[in-house]
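Engineer: Following this message is one structure expressed as structure tokens.
The values are calculated or read from the model by the stated rules, or taken from the named source; none is laboratory data. Computed from a prediction, not measured in an experiment: that's the story for all the values here. For neighbour counting, all protein chains shown are included, and Cβ atoms are generated from backbone atoms with ideal geometry for every residue, glycine included.
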């Protein structure tokens, strides 16, 4: 079982896109819990999270969030990111056979123009971050943002693709 955690601020349309992409994972029994951590949004972010049945927090302690996660594995994603076909089966198999963190593969259909890719470091959660709950709890510090869990960390690469959140932001 997997808990998905999303950190956002004023990203209602992007959050809606990510949550819509996760529905099939909930139907298949992989996604048991979605947590939205909000940084003072002034848009309808809380309404979107509530309508989707997510746990929504505007104030939280990351340690409490991690301990209350229902899944034994956590998927940290940016609002707007959308996993593509095959992600459910691959993650289910991955978590049953592995103990190390993993990231998705970047979508071949959505790539930044060549000149924008040169010399640009990817955001830590651009390709998501899949890690076990005990690893997250061991890493967590008070006030820590989700991106900090993945910064500078090595991981395996899943063959499933993820459309990064910047695609949804660019479409606004």
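Engineer: In region 48-67, what residues are out of contact with any helix residue (DSSP H, G or I) (no Cβ under 8 Å at 6 or more places or on another chain) and over 11 Å from residue 5 (Cβ atoms)?
Structural biologist: 50, 51, 53, 59, 61, 64
Engineer: Also: Give me the pairs, please: first residue somewhere in region 30-55 and touching a residue at least 60 places away in the same chain (Cβ under 8 Å), second residue anywhere and in a strand (DSSP E or B), beta-carbon distance under 9 Å, and either six or more positions apart or on two chains.
Structural biologist: Qualifying pairs under 9 Å: 30/2; 37/5; 37/6; 37/7; 37/8; 37/56; 37/57.
Engineer: Please identify the pairs in which a residue from region 136-159 that is at positive phi and loosely packed, with under 11 Cβ neighbours inside 10 Å has its Cβ atom under 8 Å from the Cβ atom of a residue that is part of a loop (DSSP other than H, G, I, E, B) and at pLDDT below 95, counting only partners at least 6 apart or on another chain.
Structural biologist: Going by the 8 Å Cβ cut-off, there are no qualifying pairs.
Engineer: Another question about this same structure. Identify, by number, the condition in (1) surrounded by 21 or more Cβ atoms within 10 Å (Cβ to Cβ); (2) under 24 Å from residue 88 (Cα atoms); (3) under 15 Å from the mean Cα position of the chain (by Cα) that residue 48 doesn't meet.
Structural biologist: The failed condition is (3).
Engineer: Restrict the check to region 21-31 and report whether at least one residue is modelled with pLDDT of 95 or more, assigned to a loop (DSSP other than H, G, I, E, B) and under 19 Å from residue 169 (Cα atoms).
Structural biologist: For region 21-31, residues modelled with pLDDT of 95 or more, assigned to a loop (DSSP other than H, G, I, E, B) and under 19 Å from residue 169 (Cα atoms): absent.
Engineer: Continuing with this model, one more query. How about region 56-80: which of its residues are in a helix (DSSP H, G or I), surrounded by fewer than 17 Cβ atoms within 10 Å (Cβ to Cβ) and touching a residue at least 60 places away in the same chain (Cβ under 8 Å)? Working first, answer last.
Structural biologist: From region 56-80, those in a helix (DSSP H, G or I) are 62-68; that's our starting set.
Filter once more, keeping what is surrounded by fewer than 17 Cβ atoms within 10 Å (Cβ to Cβ): 63-64, 67-68.
Across region 56-80, the qualifying residues are 63, 67.
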